[in-house]
Structure formats: C-alpha cells, structure tokens
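Below you will find the structure I want to go over with you.
The values are calculated or read from the model by the stated rules, or taken from the named source; none is laboratory data. Note that the structure is a prediction, hence the values are computed from the model and not measured. Here the Cβ positions follow ideal geometry from the backbone for every residue, glycine too, while neighbour counts run over all protein chains shown. For the accessible areas, the whole protein counts, side chains as well, though only heavy atoms, and no ligand, DNA or RNA atoms are used. Shrake-Rupley method; radii C 1.70, N 1.55, O 1.52, S 1.80 Å.
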Amino acid sequence: MLYSTRLRIHLGNIADNLRAIRKTVGAERALLWVVKADGYGHGAVPLARMAQEQNLVDWLGVATVPEAIELRAAGITLPILKLSPALPDEMAAAIAHDVILTVADRDNADALEGVCRDTGGQAKVHLKVDTGLSRTGIAPDLAGVLAGHVVRHCPRLELDGVFTHLSVADVPEQDDFTGLQLSRFAAAVDAVCAAAGYRPRHVHAANSAAILAHEHTWMTMVRAGIIGYGAFPGPTAARTVPLAPGLSWLSRVSFVKTIPAGESVSYGRTWTASRPTRVGTVPIGYGDGLSRFLSNRGRFLVNGRSCPIIGRVCMDQTMIDLGPDGDVAVGDEVVVIGSSGDETITIEEMSETIGTVPYELFCYLTRRVEREYR
Ligand SMILES: Cc1ncc(COP(=O)(O)O)c(C=O)c1O
C-alpha cells in the first residue's frame, strides 16, 4: 500500500440497498439508479457492472454524455438516461452510444431531430416537465404541445417517457408543495398522452426522498440516487428503507508528538492546546476531498476513540487531538467515515457538521484516494 488514505467501497451493502429499494417499490416498476458524478464518488463503472451482472437495476441515469460513454466503453448495456437536456454539439455522441435523451423544449427537440437526420440515427427521448424545481423542463401547460410536436414533426425521435423532478420530497413540512408538483405533473401527463395519442412507456417523478416517503410518486419508474449508496437525502427524509453505508473512509496515523499547553497547531494558529496533549497527524486533507470546513469541527476515530480535528485541515494532512494519555502509534488505523469500536461517523454526521449534504461530500472525494472494492 503506497498511500494509506483509501475508500473501502462495500459492494455487498450497495447491492443490499438496491435490493431493498426494489422490494419497496415492487418488481413491476423499473428501477433507474443514478450513477452520475462517478457514482456519487463511489466509482460508476464498477458499481454499474455489479448492478448489471446481478440484475439489481433496470436503467442507469447520468448527468453528462461523457459519463454515459464511459459506461458504454466498460460494457454496460443497460438503458442509460441523461437526466438533463443535451446541448446540440453533444447529441451525435449521445445517439452513437445509445443514450436516451431528455428533451425540454421545441428547439432542443428540433436540434436532436436534425442530428438524427444528419447521422442516420434515431433517439429515444424522455420529455422533462418543470413542475416547480425551475431548473430544466417544459412548463406543465406547454407539455402537450411539445409532445405533439415531437410525435408529429420529429419522426426520428421516439417519445419513450415523461418525467419531472421534485424539490422538497425530503421535507415533510413542505408536502403541500410536493402535492402541487404532482398535480401539475398529472395534468401535464394527461396533456402529453392526449397530444401524442398514446401513453409513453415511462412516467416518472420519484427521487430517493420520494421513494422513502411518497408512494404515489412511484408510477412506472423510480430514479434512486443517494439511497443506493446507503445515505439518506437529508435530515428530515423518511427512514423507511433499510440502508447500509456504501463506503468507509480510512487512513492511518503518520506521526505522533506531545505538545505543551499554549502550543498552536496548523496554519493560521486557530487551535491552541489548553493542556499538554498528544497530537496525531493523519495523511488526509482537502486534496483528498476532506472539507476544510471540518477544521476545528470534525472528528476522526482511532482505536475506538473519538479524536477531534484540531487546527486547519491542510491540503494533505490533518491533525487530531489524541488526548494527554492517548495510546496511539504511527500506523494505527484512522476512521474518517465508518466504525471503530462502538463509535461510528456517518456521512450524514460529517455533512451536518459543516452544514452541507452527503451529496456534496461524496462529490468532493478526489481521484487521489484509491477505491478498494470489497
Ligand atoms: C433528475 C434526477 N432524478 C433523480 C436524481 C437522484 O436524486 P437522489 O440522489 O436524491 O435520489 C437526480 C439527482 O440529482 C436527478 O437530477
């Protein structure tokens, strides 16, 4: 081992999470697993391979065309949906790699039809309706017109699906808004069916939070992201599906020293020892994706004990207070996320400590950290 900071990816836990999601929503629905941003930092290719080989999911979802191409190059044959509209110059590659594209307005549909005509290709599309997230999507009252346009004027496009994305499905206090989004979506879907003359094969709205809390959103397909990796979408999200963490983040102590009271630690001298204590240095920093906001706020586990991060997190190293009698030696394992003895640090705890969400922390994890698949 040439670098002791590593991510241990728990393939068995992730497979169990996907099985639990399937059991929850039922086998009659398609399960799309979102593996964008390199599988939320866990490694899209190995996880998609596992999901395909073990028949754990039916579709995959990505954010970008290169993400889809990477999966195809790795032998993934599952249907792949790009969850947001492609720009015109991304379309030919997407079609060549059999990516199902999101269409959200007439110009985009026409551009895709033009690329299909020029390349001799065909494209399946899912029409995205903006019911309140205000990110991408056609307004609900224009969805029927767009569907009619695609069906009548874009012969190389097949309208395979219609979907929307929910903004507060993890916040019970805002269930009224989720209800409003769903009623706007229902009206849009009716208009799409009437204009197209048929019901698209897939009608979908549910993200992880909606899988956990809003059964009426499950429709013909659900789009599970973060719960597949064993994390909950937010502090108020329902805990209705049993999940196990998809990763542990580990390192080792690289240096131990005793400092006297009054000695400061790390850049900026933001922490000063109030008593003599032993300080452990850990070779992990924001170069690995450990947020600098954890400076003086986060903690690691060493030999079953919780050790606060002291001073500023550096690019490659972080110091922890081992306590005056800390019995810790160079080489001892450090748990950044995961369990040691009776103590556990979750991705949820780490993200709440710095006021963010597990999604963002997963995306911080850099390439320098080796992923060890178990
Ligand atoms: C359109 C769409 N569907 C589903 C998801 C999955 O979200 P989650 O990880 O909350 O399940 C995302 C992620 O951002 C998304 O953009």
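Per the 1.4 Å probe, what fraction of the accessible area of the stretch 114-253, in percent, lies on carbon and sulfur atoms?
52
Run the dipole for the stretch 192-289 about the Cα centre, Lys and Arg Cβ at +1, Asp and Glu Cβ at -1, nothing else charged, and hand back the magnitude in debye, nearest 20.
I would put it at about 120 debye.
Can you bin every Cα-Cα distance in the stretch 236-374 into 10 Å intervals starting at zero and give me the percent of pairs per bin, rounded to whole numbers?
Binned Cα distances yield the sequence 12, 43, 34, 10, 2.
Local charge sum around residue 204 (other residues, Cβ-Cβ under 12 Å, Lys/Arg +1, Asp/Glu -1)?
Local net charge: +2.
State the antiparallel share, in %, of DSSP beta bridges confined to the stretch 283-338, rounding to the nearest 5.
That works out to approximately 100 percent antiparallel.
Calculate the all-directions average of the projected area of the chain's alpha-carbon convex hull, and give it in nm². The partial results should precede the final answer.
Working: hull surface 79.9 nm².
Averaging across all directions leaves 20.0 nm² for the Cα convex hull.
Okay, next question. Can you give the local net charge around residue 344? Use residues other than it whose beta-carbon is closer than 15 angstrom to its beta-carbon, Lys and Arg +1, Asp and Glu -1.
On the way: positive: 8, 299, 305; negative: 333, 342, 343, 348, 349, 352.
So the surrounding residues net to -3.
Where in the stretch 291-319 does the label zone of residue 239 land, with the point 7 angstrom along Cα→C-beta and an amide N cut-off under 18 Å?
So the set is empty, nothing qualifies.
Only four residue types carry charge here, +1 at the Cβ of Lys and Arg and -1 at the Cβ of Asp and Glu. Report the dipole size of the stretch 12-142 about the Cα centre in Debye, rounded to the nearest 20. Walk me through the numbers before you get to the answer.
Numbers: 13 positive and 17 negative charges, 104 e Å.
Once rounded to the nearest 20, the dipole reads 500 debye.
At 7 Å along Cα-to-Cβ for each site, give me the label-to-label distance between residue 372 and residue 73 in nm.
Taking the simple label geometry, residue 372 and residue 73 are separated by 2.8 nm.
Place +1 on the Cβ of every Lys and Arg and -1 on the Cβ of every Asp and Glu in the stretch 68-178, take the dipole about the Cα centre, and give the residue among 119, 76, 159 whose Cα lies farthest towards its positive end.
119
Helix-derived [θ] at 222 nm for the chain: sum -39500 (n - 2.57) over DSSP H runs of at least 4, divide by residue count, nearest 500?
Here the helix-only value at 222 nm equals -9000 deg cm²/dmol.
Another question, then. State the antiparallel share, in %, of DSSP beta bridges confined to the chain, rounding to the nearest 5.
Around 50 percent antiparallel, to the nearest 5.
Let me ask something else. Using unit Cβ charges (K, R positive; D, E negative) and no other charged atoms, how large, in debye to the nearest 20, is the dipole of the chain about its Cα centre?
Its charge dipole is roughly 460 debye.
Starting from the Cα of residue 63, step 7 Å along the direction of its Cβ; do the same at residue 344; then give the gap between the two resulting points in nm.
Each label point lies 7 Å from its Cα, and together they span 2.8 nm.
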